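Working notes for the structure below.
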Amino acid sequence: MSPAPGTSSQRPAQPAPESSPAQPAPESSPAQPAPESSPAQPAPESGPAETDPGWVRPTHRALVDAGITVIGHVPDGGLSRLIAGLEADDRFAVVRLTSEQEGVALVAGAWLGGGRAALLMQSSGVGNCINMLSLLATCRVPGLLLVTMRGQEGEANPWQLPMGRAAGDSMALMGVDVRRATSSDEVAAAVTRACADGFAARRATAVLIDQQVIGIKKFRGDDGAKP
């Protein structure tokens, strides 16, 4: 059908859709202040510098001169500086043991392999070695036993007293040649003589370092204060 006169065939223009009002830009969060860095912590104060007790370096040298190349030890405070020096010295194979009697087997194995060994321990560990020491005596295996003593005059720990009294005699009964060092000046010389005599005679030798040489261990409360 034709459009009525006076009318247009075109539809009236549609109004453009109103655009949504511009959304305001989200406000940015206020800048956060940078977290304050923690104040630098002062380095912990180190304790007083440990001084060489006088027998450690000469004893280290005596072990080198005696041809000792294998060291077995159970960690011990009285021997700690000697052990640290031996561990830092490539001339020694240092073995940390779980029990002292393992060290007797280490001494025997080193000898069978053409080497020389020393066993370092505290007097309380001598009791763990009594039966094993028969191996050294029966098979004529030489080796050095370096023993720091506990249980002597001034000892504050009663558990150290029995083996402190019996260590030397117990080793002698098992065929070990026992020497004693009662002052710092005697330790290295005793080690030198024990090694010379022991390896020449194929006999185990021991040097007992008196408690007064390594110092009396103090326990909290020894001064009468509450622990």
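Quick notes
- Single residue of 45, 18 found to be assigned to a loop (DSSP other than H, G, I, E, B) and modelled with pLDDT of 55 or more: 18
- Selection of the range 105-123 for residues being surrounded by 23 or more Cβ atoms within 10 Å (Cβ to Cβ), out of contact with any Lys or Arg (no Cβ under 8 Å at 6 or more places or on another chain) and part of a helix (DSSP H, G or I) yields only 107.
- Condition check for residue 115: small (Gly, Ala, Ser), touching an Asp or Glu at 6+ places or on another chain (Cβ under 9 Å) and closer than 23 Å to residue 190 by Cβ: no
- The range 68-81 residues that are surrounded by 17 or more Cβ atoms within 10 Å (Cβ to Cβ), paired with ones that are at pLDDT below 90 and among the basic types (Lys, Arg) (beta carbon under 9 Å, 6 or more apart): 78/150; 78/217
- Residues (assigned to a helix (DSSP H, G or I) and among the small types (Gly, Ala, Ser)) located in the range 56-104: 62, 77, 78, 80, 84, 85, 103
The values are calculated or read from the model by the stated rules, or taken from the named source; none is laboratory data. Quick caveat, the model's predicted, so the values are computed rather than measured. Every residue, glycine as well, gets a Cβ built from its backbone with ideal geometry; the counts of neighbours run over all protein chains shown.
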